[in-house]
């Protein structure tokens with residue numbers, strides 16, 4: 001069986017695509033590599049923020065469902081998304097930056113031998129930065145070359161995904177027996193699992209928690225997390241594997257930018273498997289990536305209708321020069 005290669009992307013829900021774009025562009029310095037719509041709900045924007053080239057394993061994506069309620073954090077949710085930075089020193093930079101920009105954070109802490117810095121955005125979406133110092137395993141991406149963050153401190157990709165569950169025994173069995181993760185460390189109620197080559201780009205932190213109420217999905221929460229597979233053939237192997245264990249799956253889904261499979265593996269926990277290719281460079285040049293409304297071929301005939309449904313967002317950055325912000 002071909003193992004999963006690591007984290008592919010995390011998709012969350014925002015109250016405002018405009019504010020979300022500002023936060024990820026101007027605060028976090030991640031590159032918008034695709035501005036499109038939810039393929040199942042065409043009135044909803046789907047924004048993809050990633051590394052300089054939109055590499056698999058680096059993108060955080062957002063839906064802005066109209067009129068959705070604010071989510072409630074609790075148990076049975078994908079609770080936090082991590083972003084990788086090169087060194088421990090980079091975290092010192094981000095600590096000062098968050099203080100200057102009034103971004104709520106917890107300060108620098110250590111978990112499973114790695115320095116981290118947890119923070120939230122305007123929706124109370126939960127994130128952390130994690131240092132790649134002394135990290136091994138899945139390689140990270142390339143920081144956005146023309147963004148506002150000095151390259152030696154910039155975000156390069158996704159780190160461990162956090163999941164909070166009430167039934168840890170069942171979830172551990174799913175991870176180990178079905179998805180072929182291995183538990184490698186434990187700190188109190190937190191358990192560290194990894195897959196494939198391991199390291200920050202292929203890990204999951206599972207928190208056992210029966211104290212908090214059950215989470216409710218809405219803006220400020222994660223919709224699903226995705227893990228990398230090599231190609232369609234491997235994706236089909238995983239479809240058979242999930243279904244052999246009794247899980248219902250979406251079956252094959254062509255998302256144009258990658259090919260996918262979805263399975264709900266525990267209450268309120270939706271995982272996706274996604275191929276590395278074809279990626280985000282097929283319909284836009286590198287220089288203007290993410291600046292126009294990009295639609296997959298099957299939605300292109302509906303472009304006029306879609307452009308009436310979604311309000312314009314100015315995402316042109318090729319005409320802007322960002323000064324590197326060293327403080």
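The values are calculated or read from the model by the stated rules, or taken from the named source; none is laboratory data. Because the structure is predicted, anything quoted here is derived from the model rather than measured. Every residue, glycine as well, gets a Cβ built from its backbone with ideal geometry; the counts of neighbours run over all protein chains shown.
Structure notes:
- Qualifying strands (runs of 3 or more DSSP E) (wholly inside the stretch 187-248; at least 1 residues being farther than 16 Å from residue 260 by Cβ and either over 18 Å from the mean Cα position of the chain (by Cα) or free of Cβ contacts under 8 Å to residues at least 40 places away in the same chain (or both)): 190-194, 203-208
- Residue in the stretch 236-257 that is within 30 Å of residue 120 (Cα to Cα), at pLDDT 95 or above, surrounded by 20 or more Cβ atoms within 10 Å (Cβ to Cβ) and in contact with a strand residue (DSSP E or B) (Cβ under 9 Å, 6 or more places away or on another chain) present: no
- Count of the stretch 93-113 residues, restricted to those that are more than 22 Å from residue 50 (Cβ to Cβ) and surrounded by 14 or more Cβ atoms within 10 Å (Cβ to Cβ), is 5.
- Exactly one residue among 215, 266 is touching a helix residue (DSSP H, G or I) at 6+ places or on another chain (Cβ under 7 Å) and farther than 20 Å from residue 5 by Cα, and that residue is 266.
- Applying the condition of being part of a helix (DSSP H, G or I) and touching a residue at least 40 places away in the same chain (Cβ under 8 Å) to the stretch 272-327 and asking which residue is nearest to the chain's Cα centre (by Cα) yields 286.
- Of all positions in the stretch 27-45, none carries a residue that is without any contact (Cβ under 8 Å) to a residue 60 or more places away in the chain and under 29 Å from residue 324 (Cα atoms).
- Restricting attention to the stretch 129-165, the residues that are under 13 Å from the mean Cα position of the chain (by Cα) and either surrounded by fewer than 22 Cβ atoms within 10 Å (Cβ to Cβ) or assigned to a loop (DSSP other than H, G, I, E, B) (or both) add up to 4.
- Residues that are in contact (Cβ under 8 Å) with a residue 12 or more places away in the chain, over 12 Å from the mean Cα position of the chain (by Cα) and surrounded by fewer than 16 Cβ atoms within 10 Å (Cβ to Cβ) do occur in the stretch 58-67.
- For residue 117, the test of being at pLDDT 95 or above, outside any helix (DSSP H, G or I) and touching a helix residue (DSSP H, G or I) at 6+ places or on another chain (Cβ under 8 Å) is passed.
- Subset of the stretch 47-56 [buried (at least 19 other Cβ atoms within 10 Å of the Cβ) and either more than 19 Å from residue 222 (Cβ to Cβ) or without any contact (Cβ under 8 Å) to a residue 24 or more places away in the chain (or both)]: 51, 52, 54, 55
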